[in-house]
Amino acid sequence: MTAAAQSSTANYQLPITKRIALYWSLTKPLQSGLLLATGLAGYMSARCPVFNMGTILQLAASLFLAIAGSTVLNMWWDRDIDAKMGRTKKRATSKGLVDENEVLRVGLILSVIGVGWAVAMDALYGLIVFAGLFFDVVVYSIWLKRRTAWSIVWGGISGAMPILAGRALGLGFIDWVGVTLALGILFWIPTHTLTFSMKFAKDYEAACVPTFPSTYGLGVTRATIAISSVLAAAAMIVAGYGIGMAWGFLRLLGVLSAGLLILAVVITFKPSERINFGLFKYASIYMLASMILLFF
């Protein structure tokens, strides 16, 4: 019996609850949840949730399925390089705890259901959701991730699609506020991913995945983080003003943005492992807090 067949047999012998838990981990719930939050925030920036609860529930379900599907497909595609990196080698796909063909099927099924549901709700919304999945799986993961450090730009475009999709679903069209919100996410992603790539530089090197630190050095990487943080904060504040955010909330968004900028400046001029990890963590908190302010 081949190794793949043994893995498949072992997978089907697992209790159903264990298999569900393994596949749930492959959706990267925290990351998927944050992206889902941006989509919901985009919709709520255009429509009152109290009077549109049915649409919100369908938005949440369709968007989560599409995001989860693309994430599972990425796990399936990257299983070989994930096995070479310390932080990812324990993933179910890396350790062979799940059958790779079944992972592919699950990823495709989730993606098709999610995108199909989105298209059934609204053609424009569905098109944007599909674009996000396509950029994430095909352009970022399959085509560019192993070839160029600039793949993060296309990954960033993918990450910006949920908030644009939510806003477009609420309005029925794409407006400048939705584009600005998407730019805020796009510029925020380098702050998140580049700090991560500095922390786990040896892992990426072992897997032969090009990153900004390995390609351009730490100095350029830190400068890029600082610039992207400034642009992300500016875009979020402008978008907040554009949707008519109350002055108190807008001021709080400014305070949160100032924290992001301070950490970005510190990591540029006084870099340290502690500050780097602090910025990585704060970037996620900043984006989640920004989405909560948009909710209200």
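A crude spin-label estimate for the pair Tyr241 and Val265, with each label 7 Å from Cα along the Cβ direction, gives 2.0 nm. A dipole drawn for the chain from +1 and -1 charges on Cβ atoms has a positive end, and of Met161, Leu97, Phe295 the residue lying farthest that way is Leu97.
Beyond 28 Å in Cα-Cα separation lie the following of the pairs Lys18/Lys202; Lys89/Lys281; Lys89/Lys270; Lys18/Lys281; Lys145/Lys199; Lys202/Lys281: Lys18/Lys202; Lys89/Lys270; Lys18/Lys281.
Expressed in nm to one decimal, what extension gain is obtained for the pair Phe249 and Cys48 from 0.36 nm per residue of sequence separation less their Cα-Cα distance?
Values: separation 201, 0.36 × 201 = 72.36 nm, distance 1.69 nm.
Once the chain is fully extended between Phe249 and Cys48, it gains 70.7 nm.
Placing +1 on the Cβ of every Lys and Arg and -1 on the Cβ of every Asp and Glu, with no other charges, gives the chain a dipole of roughly 720 debye about its Cα centre. Extension gain for Ile227 to Ile16 (0.36 nm times residue separation, less C-alpha to C-alpha distance): 71.3 nm.
Using a/c under 1.5 as the rounded threshold, could you call the stretch 172-257 rounded, prolate or oblate? The axes a ≥ b ≥ c are square roots of the C-alpha gyration tensor eigenvalues, and prolate needs a/b larger than b/c, oblate otherwise. Prolate shape, in that a/c is at least 1.5 and a/b is the bigger ratio.
About the centre of its Cα atoms, the stretch 99-156 shows a dipole size close to 280 debye [charges on the beta carbon of Lys, Arg (+1) and Asp, Glu (-1) only; nearest 20 debye].
When a/c is below 1.5 the answer is rounded, else prolate if a/b is larger than b/c, else oblate, so apply that to the chain with a ≥ b ≥ c taken from the square roots of the Cα gyration tensor eigenvalues. List each step's numbers first, then the result.
Working: a/c = 2.10, a/b = 1.18, b/c = 1.78.
In terms of gyration-tensor shape, oblate.
When you filter the trypsin sites (Lys or Arg not before Pro) in the stretch 102-148 for DSSP loop state and at most 16 other Cβ atoms inside 10 Å of their Cβ, you are left with Arg146, Arg147.
We did not get these values from a lab; they are worked out from the coordinates using the rules stated. Quick caveat, the model's predicted, so the values are computed rather than measured. Cβ coordinates were reconstructed from backbone atoms using ideal geometry, including for glycine residues, and neighbour counts include every protein chain displayed.
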